[in-house]
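Asks: Here it is, the structure in full.
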Amino acid sequence: MRKIHLIEGYSKIAAGEVIERPASVVKELLENALDAEADQIFITIENAGKNLIQIQDNGKGINEDDMEIAFQSHTSSKIKSADELDNLHTLGFRGEALASIAAISQIEIISHPAHQDYGKKLEIFEGKIKNNEQCGAPVGTTIKVANLFFNLPVRKKFMRSNRVELGHITDVLTRYSLAYPKVHFKLIHNSIVIINSPAWSDQNNVEGKNNLDPYKYAIQTIYGKNVSSNLIPIHFNDGNIKLNGFIGSPEISRSDKSAASLFVNKRLVTNNKISQLIINSYKDYLMRNRFPFYIIYIDVPPNKVDFNIHPSKKTVKFEDESKFFVDLQIIINDLIIGGFKQYHTKMNEEGKQKSNKDETIIDYWTLSNPKIIKPDLSPTPPLIMNSTKSIKSARSQYSQDKKTHKTTQSHFKIGDNTSKPFKPSLNSVKDKKNSLISSQSKSSTIKPKINVTQLPPLNILNSGIQAGKNYLIFQNDEELVLIDQHAAHERINYEKVQEIYNSKTIPIQTLLVPLKMEVSPNETEFIKEAIPEMKTYGFEIEHFGRNTFIIRTIPVFINMQSNEALIKDMCMEILNLGKEHSFSEKRREILQFMGCHKSITAGDEIWSEEKIRNLIQQLDSCENPHACAHGRPVYIKIPFKELDKWFHRTT
């Protein structure tokens, strides 16, 4: 066991306040326990960590002589000098955390190294030692942090609600459970077990021998079987970069990026470039505004990565980043594309699409595809990229592919003289007998085309009334009027939803088969507290045990025939809006979202004259028909005089 001492050249180490909220304390103490090689870490908190944070581990403990110095700034047992920063093998290295925590809380710490016959107890108040005595204790360390920010009322005032702070704590523990599957993690909040992730052992290896089995076990413990069974293992190792992990199938994609986990040398990090590389590789597999679920572990030599650039240690830089990211893009792109090919081949061979088509219960993570597909629970062998393949040659091929990639030319659609002219006024749409659309068949897939030689390819407008599948075109005596069909319908629905909500009696509909919704542990307590709030928006939710909830009712304006995943996606979006702030503060945004959900989207073709007339009349009846719920314009006007200028017809 290395002694704790003052770090030589500590001024070279990125310093800064490391304690922002209770989750910051949990993270720092959790990393200390992992560095002490503990395989059992139990965390007990009260009032979301504001009153008490207790972390008990069975690690190596702290030497009796080092207990006091451990709470001084810039002291550590992990490095002796700043020169060792390029060879880090531990999570911690700055020697700031304990001193920072002690300065803003009341601390009691008991530590018992295995080579000592007794433990040592310290009591610290505002950074000053008040008690130092020997005591009996199990091997390991137990530290209690009470009354966080008690001497910083401004900081204490700006802590968020319990459900928000608890969400941050559970998120920290969840991520480290994924990186250290052979450690038993447990989180208890107000005497209730929130997370219990037992350590993996050979007895857990029911899926066969695979070096990723411990991680698969941890993922299943945290996220459940549905997520675990929709993961594709990947592997790459060329001696310089080692990449392991799991990429999620499109069926478990998310509406935001927060569920993805990236670890570099077993440290949870955020790196926007790596995140974007992965998203780019998914672009042909995910719908718009969907983000991939993945858990990726990257290992590089310690001297090739720098964690000493930000106090949180979550931001990293790599040596020769330009080359590193080019190589990583090739590796990730090949692994993801190859992984999906392997995944779909297996699915087709085993006919899982057919065998699971009658499935009626899915969890929250299955959101992106109305068709529910569950792969075989037997292990998918990891996709292994041939490390003998030269990255240089792969890079050359990758660049060549980009050069030869063909883009699809979009078509500009205009009308011709074969369409019957339609001249409705925006101010008077009733009693018009002229047809809004021609008798073109709805089922027609071939649009009339104008043969041209020098101009771009030209298609006729859909019946002369809808352009680009996004805009409705009208005219009056002085101008053209272009209406954004989605913005128009969004405004109509927003005002309808607002009227219903203001009536205090939201009509609901009971689902014949309640929807089962599984969420991650860091969402559970928040949703339990939010159940009464969700009921005011028409969603009746019940806790079904652990991380499972049941949706029993939905607002009447949501189509009962909607895909189950869509209903749960909508429910979770509303919950997320109320997470960081109160639901009352986010009321307008929630109503906007609910109105937007039901609206005609850009790209929907409107063939019915009756539907178009009805849309315009409803818009005209709105309190504010000029802008959508988000403030975007519903329509624009183009004077004919302006058109004359464009065509140089001005005199």
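Asks: Would you confirm, using the coordinates I've provided, whether L480 is at pLDDT 80 or above, more than 30 Å from S161 (Cα to Cα), in contact with a strand residue (DSSP E or B) (Cβ under 9 Å, 6 or more places away or on another chain) and not β-branched (V, I, T)? Before the answer, list the steps.
Replies: Numbers: at pLDDT 80 or above: yes; more than 30 Å from S161 (Cα to Cα): yes; in contact with a strand residue (DSSP E or B) (Cβ under 9 Å, 6 or more places away or on another chain): yes; not β-branched (V, I, T): yes.
Yes.
Asks: Starting from region 165-194, keep only residues that are of a type in the set (K, R), then list their pairs with residues that are open to solvent by 20 Å² or more (accessible area, probe 1.4 Å) whose Cβ atoms are within a distance under 7 Å, requiring at least 6 positions of separation or different chains.
Replies: Within 7 Å, the pairs are R175/L268; K182/D39; K182/A199; K182/W200; K186/F42; K186/V193; K186/N196.
Asks: Collect the residues in region 101-139 that are open to solvent by 20 Å² or more (accessible area, probe 1.4 Å), under 22 Å from N151 (Cβ atoms) and assigned to a strand (DSSP E or B), keeping them in residue-number order.
Replies: Hits for region 101-139 are Q106, E108, E123, F125, K128, I129, K130, N131, N132.
Asks: Can you pull out every residue in region 613-651 that is touching a helix residue (DSSP H, G or I) at 6+ places or on another chain (Cβ under 9 Å), assigned to a helix (DSSP H, G or I) and among the hydrophobic types (A, V, I, L, M, F, W, C)?
Replies: The answer is L615, I616, L619.
Asks: While we're on this one: Do we find a residue being over 30 Å from G59 (Cβ atoms), open to solvent by 10 Å² or more (accessible area, probe 1.4 Å) and either at pLDDT below 85 or out of contact with any strand residue (DSSP E or B) (no Cβ under 9 Å at 6 or more places or on another chain) (or both) anywhere in region 266-275? Reasoning before the result, please.
Replies: Of region 266-275, the ones over 30 Å from G59 (Cβ atoms) are 272-275.
In the following step, the residues that additionally are open to solvent by 10 Å² or more (accessible area, probe 1.4 Å) were identified as 272-273, 275.
Now drop any that are not either at pLDDT below 85 or out of contact with any strand residue (DSSP E or B) (no Cβ under 9 Å at 6 or more places or on another chain) (or both), which leaves 272-273.
Yes.
Asks: State all residues of region 22-53 that are modelled with pLDDT under 95, outside any loop (DSSP other than H, G, I, E, B) and among the charged types (D, E, K, R); if no residue qualifies, say none.
Replies: Across region 22-53, the qualifying residues are K27, E28, E31, D35.
Asks: Sticking with this one: When residues of region 244-261 are filtered for being within 21 Å of E321 (Cα to Cα) and either in contact with a Gly (Cβ under 7 Å, 6 or more places away or on another chain) or open to solvent by less than 10 Å² (accessible area, probe 1.4 Å) (or both), how many remain? Can you show your working first?
Replies: Here is the first cut: in region 244-261, the ones within 21 Å of E321 (Cα to Cα) are 244, 261.
Filter once more, keeping what is either in contact with a Gly (Cβ under 7 Å, 6 or more places away or on another chain) or open to solvent by less than 10 Å² (accessible area, probe 1.4 Å) (or both): 261.
Residues in region 244-261 being within 21 Å of E321 (Cα to Cα) and either in contact with a Gly (Cβ under 7 Å, 6 or more places away or on another chain) or open to solvent by less than 10 Å² (accessible area, probe 1.4 Å) (or both): 1 in total.
Asks: With respect to the numbered conditions (1) in a helix (DSSP H, G or I); (2) modelled with pLDDT under 85; (3) open to solvent by 30 Å² or more (accessible area, probe 1.4 Å), which one is the sole condition not fulfilled by Y343?
Replies: The single condition Y343 does not satisfy is (3).
Asks: On to the next question. Can you say whether I574 is closer than 19 Å to T505 by Cα and assigned to a helix (DSSP H, G or I), as far as the supplied structure shows?
Replies: Values: closer than 19 Å to T505 by Cα: yes; assigned to a helix (DSSP H, G or I): yes.
For I574, the condition - closer than 19 Å to T505 by Cα and assigned to a helix (DSSP H, G or I) - is met.
Asks: What are the residues in region 239-280 that are among the charged types (D, E, K, R), more than 29 Å from D35 (Cβ to Cβ) and in a loop (DSSP other than H, G, I, E, B), if any? Before the answer, list the steps.
Replies: Start the filter on region 239-280 by keeping residues that are among the charged types (D, E, K, R), which leaves 242, 251, 254, 256-257, 266-267, 273.
Then keep just the ones that are more than 29 Å from D35 (Cβ to Cβ); that gives 251, 254, 256.
Residue satisfying the conditions is D256 alone.
Asks: So A199 passes all but one of these: (1) more than 24 Å from L34 (Cα to Cα); (2) aliphatic (A, V, I, L, M); (3) modelled with pLDDT of 90 or more; (4) not in a helix (DSSP H, G or I). Which condition number does it fail?
Replies: (1)
Asks: Only one of these is of a type outside the set (V, I, T), surrounded by 14 or more Cβ atoms within 10 Å (Cβ to Cβ) and either under 30 Å from A218 (Cβ atoms) or within 18 Å of the chain's Cα centre (by Cα) (or both): E540, E573. Name it. Lay out the reasoning, then the answer.
Replies: Values: E540 fails: either under 30 Å from A218 (Cβ atoms) or within 18 Å of the chain's Cα centre (by Cα) (or both).
Sole residue among the options that is of a type outside the set (V, I, T), surrounded by 14 or more Cβ atoms within 10 Å (Cβ to Cβ) and either under 30 Å from A218 (Cβ atoms) or within 18 Å of the chain's Cα centre (by Cα) (or both): E573.
Asks: Here is a list of conditions, (1) of a type outside the set (V, I, T); (2) open to solvent by 30 Å² or more (accessible area, probe 1.4 Å); (3) in a loop (DSSP other than H, G, I, E, B), and P181 meets all of them except one; can you say which number that is?
Replies: (2)
Asks: Which condition number in (1) at pLDDT below 90; (2) on the phi > 0 side of the Ramachandran plot; (3) within 20 Å of the chain's Cα centre (by Cα) is the one that G245 fails?
Replies: Evaluating G245 over (1) at pLDDT below 90; (2) on the phi > 0 side of the Ramachandran plot; (3) within 20 Å of the chain's Cα centre (by Cα) leaves (1) as the failure.
Asks: Could you identify the single residue in L173, L166, L122 that is of a type outside the set (F, W, Y), farther than 14 Å from A23 by Cα and out of contact with any Ser or Thr (no Cβ under 7 Å at 6 or more places or on another chain)? First the steps, then the outcome.
Replies: Details: L173 fails: farther than 14 Å from A23 by Cα; L166 fails: farther than 14 Å from A23 by Cα.
From the options L173, L166, L122, the qualifying one is L122.
The values are calculated or read from the model by the stated rules, or taken from the named source; none is laboratory data. All values derive from a computational prediction rather than experimental measurement. Because the Cβ atoms are built from the backbone with ideal geometry, glycine has one as well, and the counts that use them run over all protein chains shown. The accessibility values were calculated without ligands, DNA or RNA, using every heavy atom of the protein model including side chains. Shrake-Rupley method; radii C 1.70, N 1.55, O 1.52, S 1.80 Å.
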